[in-house]
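As structure tokens, the structure follows; a few thoughts come after it.
FYI, it's all coordinate maths here, none of it is from the lab. Note that the structure is a prediction, hence the values are computed from the model and not measured. When we count neighbours, we look across all protein chains shown, and the Cβ atoms used for this are built from the backbone with ideal geometry, even at glycine.
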């Protein structure tokens, strides 16, 4: 493996600020996302692989012949959040203390680059896969999977594969995902806005009130007064699947509003104090998580979009009844859960490769995060996070240890060799 070239090409991709933007011709998710797709496909073509660009929605790199095997990654990234929270510019790859910092370094540009270099290593070593490997490069994973929807219209997804867009060792189950937009009736006039994405814990919100205020109470609720009847609240961003790792700024504002009668007390209790006992809704894959991450208003209502992750063995109809006990809602995004047999060849092979490389005796795990794996009939998430670095996903100062980049590529190389021989 040419580590210098891997790092150089990886940093080139990381330098592209591929946050979803305004659509244009051949760039349905914005010019920067299209630039990241073009960069990666041109790199793959230079390695001698067949490449396809499906109208800017999604790209594909193909290697080998036979029954298709998919590797599903994405090139789009979430917004950077508060620039002041970054120690170095978020789209300037920077190595500090053995770690590479940049937005997308874990989620999920390393999945794309390390998979591509694993394929290159196989090709350079004369390996001929007996399965046709499809490295699928999505461009809208963070905002609704429009890329996968388009791929299904113009091509056929492999039935089996991996998505290197989560954690090690092997993820056999992923919770169901619902982005539910709840509606709460205002009791007094106010305006509350906050959040960046439905799947990111809100780290900043702004509140304007048009009736009485209690500035001492506002301070007690961790609101900062920014003007007459104007307040801001600040929290800590985290992935929507692990809201306990963040601090939700909306909680401070809603608590204040409920305390002064702008909203019914139930709004705060159910949104932020587990008023419906969701943590008791669980199975072997974990408990139901409930993360209110976006807020907006009109004259009559406060709308709060909540990222809900529910245990993999539950039926959606059951979950829907639970959510209706909070408030009326509309579903803005839904993904059915994933559950793959722990004893399947796919899971056992990947687990063996991981344990052989790391020397561990790890077991398959379940997560609340959602990956492209659930787009296939039989697929699992596999890396790239080995541990603590995973907590930096969707947060300022996202990072990956440099040595783990090379280890990740070695694991993917061995896994593809085992599964596609």
Exercise for review: Mind giving me the nanometre distance, one decimal, between the label points for residue 159 and residue 214, set 7 Å out from Cα along Cα→Cβ?
Suggested key: 6.3 nm
Revision key, fill the gap. For the stretch 176-335, the percent of all C-alpha pairs falling in each 5 Å bin, from 0 up to the bin holding the max distance, is 2, 10, 19, 23, 20, 13, 7, 4, 2, 0
Check your understanding: Give me the log10 of I(q) over I(0) for the chain at q = 0.07, 0.13 Å⁻¹, as the Debye formula computes it from C-alpha points; what are the numbers?
Key -> -0.35, -1.10
Review point. Which ordering of 316, 268 is given by a fewest-first count of other beta-carbon atoms within 10 Å?
Key: 316, 268
Review point. Taking only the alpha-carbon positions of the stretch 97-213 and ignoring solvent, what does the Debye formula give for the base-10 log of I(q)/I(0) at q = 0.14 Å⁻¹?
Key: -0.88
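Quote the convex hull volume per residue of the stretch 145-185, based on C-alpha atoms, as a whole number of Å³. Don't jump to the answer; show the numbers that get you there.
Values: hull volume 5.5 nm³, N = 41.
Hull volume over Cα atoms, normalised by residue count, gives 135 Å³.
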Check your understanding: Once the convex hull of the C-alpha atoms of the stretch 305-421 is built, how many Å³ does it hold per residue, rounded to a whole number?
Key -> 138 Å³
Study note, to complete from the structure: Length gained if residue 287 through residue 269 is fully extended, taking 0.36 nm per residue and subtracting the Cα-Cα distance, is 4.6 nm
Study note, to complete from the structure: tail above 20 Å in the computed P(r) of the stretch 1-116, as % of all Cα-Cα pairs, reads 43 percent
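Tell me, what is the FRET efficiency for residue 5 and residue 397 to the nearest 0.05, using R0 = 25 angstrom and their Cβ-Cβ distance as r? Provide the component values of the computation, followed by the final result.
Values: r = 26 Å, r/R0 = 1.04.
For residue 5 and residue 397, the calculated efficiency is 0.45.
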Review point. With labels modelled as points extended 7 Å from the Cα through the Cβ direction, what inter-label distance (nm, one decimal) is found for residue 259 paired with residue 349?
Key: 5.8 nm
Practice item. Quickly rank 35-48, 6-19 as a protection proxy: mean count of other C-beta atoms within 10 Å, highest first. Key: 6-19, 35-48
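Among DSSP bridges having both ends in the chain, what percentage is antiparallel? Round to the nearest 5. Intermediate values should be presented prior to the final figure.
Details: 63 of 83 bridges.
Roughly 75 percent of the DSSP beta bridges within the chain come out antiparallel.
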